1. Strictly over 24 Å apart at the Cα level, which of A:K31/A:K67; A:K96/B:K161; B:K113/B:K161; A:K31/B:K82; A:K31/B:K48; A:K96/B:K113 would you flag in this model?
2. Which residue, B:F89, B:F134, B:F69, tops the fluctuation ranking in a GNM of chain B built on C-alpha contacts under 10 Å?
3. 7 Å from Cα along Cα→Cβ at both B:E98 and A:K83: what's the point-to-point distance in nm?
4. Using a Gaussian network model on chain B with a 10 Å cutoff between Cα atoms, which of B:G155, B:G74, B:G36 fluctuates the most?
5. Quick one: accessible surface of B:D17, probe radius 1.4 Å, all protein chains present, in square angstrom to the nearest 10.
6. Which ³J(HN,Hα) values in Hz, rounded to whole numbers, follow from the phi angles of region B:161-171 under the Karplus curve 6.51 cos²θ - 1.76 cosθ + 1.60, where θ = phi - 60° and Gly and Pro get x?
7. Once you charge only the Cβ atoms, +1 for Lys and Arg and -1 for Asp and Glu, what is the size of the charge dipole of chain A about its Cα centre, to the nearest 20 debye?
8. Quote the FRET efficiency, to the nearest 0.05, computed for B:T28 versus A:N50 with a Förster distance R0 of 30 Å and r equal to the Cβ-Cβ distance.
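The values are calculated or read from the model by the stated rules, or taken from the named source; none is laboratory data. What you are looking at is a predicted structure, and each value in this text was computed from that prediction instead of being measured. Cβ: placed from backbone, ideal geometry, glycine included. Neighbour counts: every protein chain shown. Calculation scope for accessible area: heavy atoms of the full protein, side chains included, ligands and nucleic acids excluded. Shrake-Rupley method; radii C 1.70, N 1.55, O 1.52, S 1.80 Å.
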Amino acid sequence: MILKTKEEDGVIIAEIQIKEANLVLAEQFKKELLDLINMGKNHIVLDFRNVEYVDSSFLGSMVSSLKMAIANKSDMAVIHLNKDIEDLFNLTRLNKVFNIYPNKRMAVMAANKF
Amino acid sequence: MSANVIKKVSAFNNNADDLWPFITESSTFFEQQLAGNPKLSKITSKVKMILTELLTNSIKHGAVVNSVFNFFAGVDSIVIEKWDHGQPFYLKAFENREALTWPLEQSVSGSLKIYSDDFAGLYAEITDPCSLRFYTEDYVITQAGASFNINEHFGLMIISKLSESFTYRYNPETGTNLFSVNFVL
């Protein structure tokens, strides 16, 4: 499993348990994320605390899953991005489509305002 | 690039499991050559991102056994070249354009849109019938949130945005593809 999940105040915190988020695991990651969405989880927070780098394949899986989440009236946020990954989100302008928070507390608070 | 350039040549076996070791080894070369540069951390980060995307592109689309990388570290710039004999860069049909083959016909000129979404577009300027220069355009965002059109492919755009120059050249005589990335330090 790539995602280790727990629920807090109605929000699923999905910790990504890999250091190298690349094409090798992009499909599996997407499948696990889609499973969460299909289970009807309305608020999903992806925790990047363990991730050192992300490639375009992994970003593609995230975007694809986000589209599914939006179609299911769910929302998805990301937390604990390191500097390089945050730069990559800004570069690809994914900072405009994903809600980015520094930590879990802020992400959970924001999710419960929806 | 100045005359004082150090070159390293490495072969990548296009095995996804060897991606990270290759990136680490290659970025170490630049770290050693550029030791003392105050921007070293930022440069290394850029090198890793560019390499990641070039390698991923090889694994996903190249369908070849090996890619050869030339790394050039100069005083004021870095060049990364990727050579292979895989499939030529595919210019698929897009919007009103039909798929194109190499070398490009003389009637095809100017710039081609490779892909785009609500946020940005990746374009290629045809510099000759066998060469392209990639560039990007960020669009003014008119809508975001609940409804948007966003691409799921970012690799070439990432490389293009991180570099001063990102080009592709196909040699029809040898079947060689060359991607070349240059960025100023």
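1. Distance filter (> 24 Å) returns A:K31/B:K82; A:K31/B:K48.
2. Result: B:F89 has the largest fluctuation of those listed.
3. Placing both labels 7 Å along Cα→Cβ, they lie 5.1 nm apart.
4. Among B:G155, B:G74, B:G36, the largest GNM mean-square fluctuation belongs to B:G36.
5. 110 Å²
6. 6, 7, 10, 7, 8, 9, 10, 10, 9, 10, 9
7. With only Lys, Arg, Asp and Glu charged at Cβ, the dipole is about 320 debye.
8. The formula returns an efficiency of 0.85 here.
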